[in-house]
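A short worksheet on the structure shown next.
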Amino acid sequence: EWCWPQKSGSAPYQQQWAIVPVGSSSTEFALLKETLGLRLPAATLVGVERVQNSELYHAWMSRRERVARKNGGDPNDKLLYHGTGRRPPEEVVAASEGLDPR
C-alpha cells in the first residue's frame, strides 16, 4: 500500500505539491508497466512521475477511513492514472484543487 513519504528537509516536500520520479526498479513502476501492457500492449512506458499533493492526500486519507468504516473495513480504493502527453505535469497540477476533480 502506498503512503505519503516522510517529510524531509528537501524542498519538494515543503510545498503543497511535488512531482516525484518513480524509479524503474520500484514495485510501483512494475505495477504501472503491467497495467499499461494489459490495456495498451503496443505502448512503451518511458517514465513515471507521481504527483503528490499533501492537502489532497490528507483529505483523501480522512475520506478513505470513513468509507472503510462504512464498508466493513474495505476502503474501495481504485488506482487512477493520468497522462499529460507533452504538456508539462506542473501545468496540470498548478491549480489549488490539483488534478481536474471531475
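The values are calculated or read from the model by the stated rules, or taken from the named source; none is laboratory data. Here the structure is a predicted model, which means the values were calculated and not measured. Cβ: placed from backbone, ideal geometry, glycine included. Neighbour counts: every protein chain shown. Note: accessible area is taken over every heavy atom of the protein model, side chains too, but ligands, DNA and RNA are not part of it. Shrake-Rupley method; radii C 1.70, N 1.55, O 1.52, S 1.80 Å.
Annotation: of all residues in segment 5-31 being out of contact with any strand residue (DSSP E or B) (no Cβ under 9 Å at 6 or more places or on another chain) and modelled with pLDDT of 80 or more, the one that is least open to solvent (accessible area, probe 1.4 Å) is 29.
For segment 19-33, give me the residue count where each residue is over 18 Å from residue 82 (Cβ atoms) and out of contact with any Gly (no Cβ under 9 Å at 6 or more places or on another chain).
The total comes to 5.
When the residues of segment 62-102 are filtered to those that are under 16 Å from residue 48 (Cβ atoms) and of a type in the set (Val, Ile, Thr), the one that is modelled with the lowest pLDDT is 84.
Please specify each residue of segment 21-54 satisfying the condition of being over 22 Å from residue 93 (Cα atoms) and part of a helix (DSSP H, G or I). 27, 30, 31, 33, 34, 35, 36, 37, 38, 39 - these are the residues of segment 21-54 that are over 22 Å from residue 93 (Cα atoms) and part of a helix (DSSP H, G or I).
Filtered by the rule that a residue be under 17 Å from the mean Cα position of the chain (by Cα) and surrounded by 13 or more Cβ atoms within 10 Å (Cβ to Cβ), segment 32-54 gives 32, 33, 35, 36, 45, 48, 50, 51, 52, 53, 54. Residues that are open to solvent by 70 Å² or more (accessible area, probe 1.4 Å) and assigned to a helix (DSSP H, G or I) within segment 55-92 comprise 55, 56, 58, 60, 63, 65, 66, 69, 70, 90, 91, listed in sequence order.
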